[in-house]
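What follows is a single structure, written as structure tokens, with notes after it.
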Amino acid sequence: MTSAFYITTPIYYVNAKPHLGHTYTTIAADVARRFHQMKGKRTFFLTGTDEHGDKIVKAAEANDMEPHTYADKISALFKELWPHYWISPDRFIRTTDADHVAVVQRILQEIYDAGDIYFSEYEGLYCFDCEQFYGERDLVDGKCPDHAKETVPIKESNYFFRMSRYQQWLIDYIHENPDLIQPERYKNEVLGFLREPLEDLCISRPKSRLQWGITLPFDERYVTYVWFDALINYISALGYPNGEKFETFWPHVHHVVAKDILKPHGIYWPIMLKAAGIKIYKHLFVHGYWNVDESKMSKSLGNVIDPIELKESYGSDAIRYFLMREMTFGLDSSFSEVALINRINADLANDLGNLFSRVLAMFQKYFKGVVPDWNPEESRVMGFDLKAGAKQAIADFTAEMENFAFHRGLASVWEYIGMMNKFVDTAAPWELAKQESGQERLKAVIGNLLEGLRVVSGLIYPVMPETSATMQVHLGQDPDHEFYLVDELRKWGFIQPGARLPKGISLFPRLDPDAVFAEDKATGKHAAETKKAQAQQYTPLEAEISLDDFSGIDLRAATVETAEKLPKADKLLKLGVNLGFEKRTVVAGIAEFYEPGDLIGKTVVVLANLKPAKLRGVSSEGMVLAALDRENASVAVLDRPMPPGTRLK
Ligand code: MSP
């Protein structure tokens with residue numbers, strides 16, 4: 001088994017902000033990356049933005065901006081989107097990055113020196129709207145396929161890449177490497193293109209027509225055009241031609257794209273690599289389109305779904321699950337919120353969420369939160385063998401995920417979840433609990449169920465990383481440990497007798513579609529309740545305490561009198577607070593969200609009997625209470641005037 005895995009997405013044009021189509025591809029690549037992490041591989045994940053060319057110049061002009069400022073702005077929207085979906089690329093490349101530009105020029109020069117780039121006068125049919133030449137064959141009813149406008153024959157001198165020379169080589173290469181392009185239908189489509197004579201590729205534009213590009217190293221009157229710039233990102237990102245990264249990852253590169261850019265990836269790119277003497281990529285995985293009301297989701301049709309709004313309403317994991325479960329990789333799918341809600345309710349709230357909360361609730365009820373003494377060797381209980389079921393689920397899941405059949409991979413996990421739900425119904429722990437003689441069996445039932453849930457939490461890691469970590473915490477496991485490794489999942493018996501587990505939670509609240517859409521009409525902001533529930537879902541509840549325990553916690557009203565940032569500490573604010581009977585210094589980790597002046601004069605809540613602690617050299621004498629997550633903070637303030645020093649109880 002190879003130990004490295006390199007996955008790429010297309011680099012997206014910066015002529016419009018990201019939509020759910022881009023998000024799907026990037027999630028699919030992230031899922032594949034996480035799946036290979038499960039197999040213990042070292043992975044590299046690349047995404048980024050494609051910034052040169054006249055598309056971008058036009059979009060910038062329309063927004064009254066310079067191309068580079070416009071590119072900065074839109075590129076940042078892509079970059080900032082990915083963390084919302086738990087995606088962290090190893091590199092976010094921009095075609096305006098200096099190291100990328102240098103590699104493009106280097107390769108152009110090499111191929112030019114080798115004689116595969118030549119200068120020639122070209123006469124073609126030009127569309128002024130897309131600023132592109134078309135061949136007779138590309139036209140639809142004699143017009144530009146994109147704009148349905150008349151094309152104009154024009155003559156222009158340009159540089160061409162001699163692709164025709166490699167046509168037979170590529171046909172043979174694809175036959176010799178039958179899994180190069182997947183699924184099979186796209187391999188056949190590429191072979192179909194190759195049945196017609198391959199035209200040489202025009203790779204330049206004169207600067208008189210376009211300046212926003214990379215200058216040809218052998219003729220500074222020209223810039224290179226689109227594909228010769230963009231495709232090379234896949235190697236420039238790794239530091240081609242040298243370096244450990246390139247050597248480690250390039251031999252294991254997998255590209256993910258949608259069918260719109262099959263031709264550049266299935267034909268131009270392998271030929272460019274061959275001409276430059278670089279090993280051909282390992283696999284090209286091609287998926288279909290997300291449609292809305294029968295047409296492709298795209299900016300020009302104005303039917304795009306905003307991924308941030310969607311995540312705010314439903315949560316990242318639910319959407320990741322829906323996109324991966326609903327689309328058969330390679331085929332088109334339709335997006336609708338009704339379908340999304342149905343999946344959330346059926347698969348997430350009902351099957352997985354219900355299983356998780358009822359197992360944990362029974363565990364709390366019958367064993368008071370302490371794992372009973374169960375024997376993992378005895379996995380066959382009342383006709384069900386959850387250990388064997390897990391083994392089967394892992395085998396089916398890994399086989400499907402290997403081939404990007406994400407929907408089938410998930411289906412095999414859900415089959416196992418179904419088996420566990422049936423086991424609960426059949427074993428009826430509530431009956432066993434009533435009988436003296438049922439106690440041993442009850443331990444075995446709950447022990448095996450907890451262990452089965454641990455396996456499920458690992459198997460959903462690629463698609464639902466957030467839920468996976470939440471489940472781990474509630475099963476008493478360490479979410480920072482590589483719990484998802486397939487080798488670990490294959491073992492049975494991690495849930496240790498004697499371990500104390502926190503209370504269960506509802507992983508996915510059920511959505512009422514009527515309420516979701518009713519709210520939608522009235523306020524334009526639907527599913528707000530769901531959003532709240534999702535945001536709160538992953539901090540487990542602490543163990544129960546008594547009123548006596550609480551009386552040891554001394555909370556006081558305090559007025560903020562001074563506030564300043566602590567030097568060299570991005571997150572910390574130093575506050576001077578007045579507790580009435582004394583003044584104190586308190587350091588609060590809220591500086592990312594509050595300007596020092598924001599809190600002056602407010603009456604906040606301070607944990608006043610907390611042992612002082614030194615933070616960055618400052619003694620903090622108490623703690624200001626605040627609601628805090630990764631994206632925001634809100635300091636607790638009293639809603640009516642109260643004298644400082646008043647106790648909260
Ligand atoms: N810049 C080029 C790619 C260069 S790669 C070396 C480009 N950019 S793009 O912004 O148009 O992105 C196209 C890609 O976005 C598709 O291949 C696909 O990954 C994704 N999608 C855009 N719309 C989509 C759908 N409606 N459905 C599925 N994927 C979609 O082409």
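The values are calculated or read from the model by the stated rules, or taken from the named source; none is laboratory data. What you see is a predicted model, and the numbers here were worked out from it, not measured in a lab. All Cβ positions, glycine included, derive from the backbone under ideal geometry; neighbour counts span all protein chains shown. Heavy atoms of the whole protein, side chains included, go into the accessibility calculation; ligands, DNA and RNA do not. Shrake-Rupley method; radii C 1.70, N 1.55, O 1.52, S 1.80 Å.
LEU301 falls short on exactly one of the conditions (1) touching a strand residue (DSSP E or B) at 6+ places or on another chain (Cβ under 6 Å); (2) open to solvent by 60 Å² or more (accessible area, probe 1.4 Å); (3) away from the ligand (no atom under 16 Å from the Cβ), and that condition is (3). Here segment 102-135 is the region considered, the condition is being among the small types (Gly, Ala, Ser) and either open to solvent by 40 Å² or more (accessible area, probe 1.4 Å) or not in a strand (DSSP E or B) (or both), and the residue that is nearest to PRO10 (Cα to Cα) is ALA102. A count restricted to segment 1-31 and to residues that are assigned to a strand (DSSP E or B) and more than 7 Å from the ligand (Cβ to nearest atom) stands at 5. Checking LYS55, LYS73, LYS79 one by one, the residue that is open to solvent by 80 Å² or more (accessible area, probe 1.4 Å), modelled with pLDDT under 95, of a type in the set (D, E, K, R) and assigned by TED's automatic domain parsing to the domain that holds ILE203 is LYS55 and no other.
Taking the criterion of being touching a helix residue (DSSP H, G or I) at 6+ places or on another chain (Cβ under 8 Å) and in a helix (DSSP H, G or I), the residues of segment 75-101 that qualify are PHE78, LEU81, TRP82, HIS84, TYR85, ASP99, HIS100. Taking residues in segment 174-187 that are outside the structural domain of MET401 (by TED's automatic domain parsing) and open to solvent by 40 Å² or more (accessible area, probe 1.4 Å), and partners anywhere that are modelled with pLDDT of 95 or more and among the acidic types (Asp, Glu), the pairs with Cβ atoms closer than 9 Å and at least 6 places apart or on different chains are PRO178/GLU184. Taking every residue in segment 271-287 that is under 13 Å from TYR166 (Cα atoms) and in the same structural domain as LYS187 (by TED's automatic domain parsing) and pairing it with any residue that is of a type in the set (Val, Ile, Thr) and modelled with pLDDT of 95 or more, at least 6 positions away or on another chain, the pairs with Cβ-Cβ distances below 7 Å are LEU273/ILE280; LYS274/ILE280; ALA275/ILE111; ALA276/ILE107; ALA276/ILE111. Beta carbons closer than 9 Å, at least 6 apart along the sequence or on distinct chains, pair a first residue in segment 253-266 that is farther than 18 Å from PHE228 by Cβ with a second that is near the ligand (Cβ under 7 Å from one of its atoms) and charged (D, E, K, R) for ASP260/LYS296. Evaluation of GLU61 against the conditions (1) part of a helix (DSSP H, G or I); (2) open to solvent by less than 40 Å² (accessible area, probe 1.4 Å) shows that the sole unmet condition is (2).
Where residues in segment 263-286 are in contact with a helix residue (DSSP H, G or I) (Cβ under 6 Å, 6 or more places away or on another chain) and within 11 Å of the ligand (Cβ to nearest atom), which of them is most open to solvent (accessible area, probe 1.4 Å)? Filtering first and then ranking leaves TYR268.
When GLN37 is tested against (1) under 22 Å from ASP260 (Cα atoms); (2) more than 15 Å from the ligand (Cβ to nearest atom), just one condition goes unmet, and that condition is (1). For segment 546-595, the set of residues classified as modelled with pLDDT under 85 and open to solvent by less than 100 Å² (accessible area, probe 1.4 Å) consists of SER546, ASP549, ALA569, listed by residue number. Residues that are within 9 Å of the ligand (Cβ to nearest atom) and among the small types (Gly, Ala, Ser) within segment 211-234 comprise just one, ALA230. Among the residues of segment 244-262, those identified as within 13 Å of the ligand (Cβ to nearest atom) and closer than 13 Å to TYR234 by Cα are VAL253, HIS255, VAL256, VAL257.
For segment 211-232, residues that are outside any strand (DSSP E or B) and touching a strand residue (DSSP E or B) at 6+ places or on another chain (Cβ under 6 Å) total 4.
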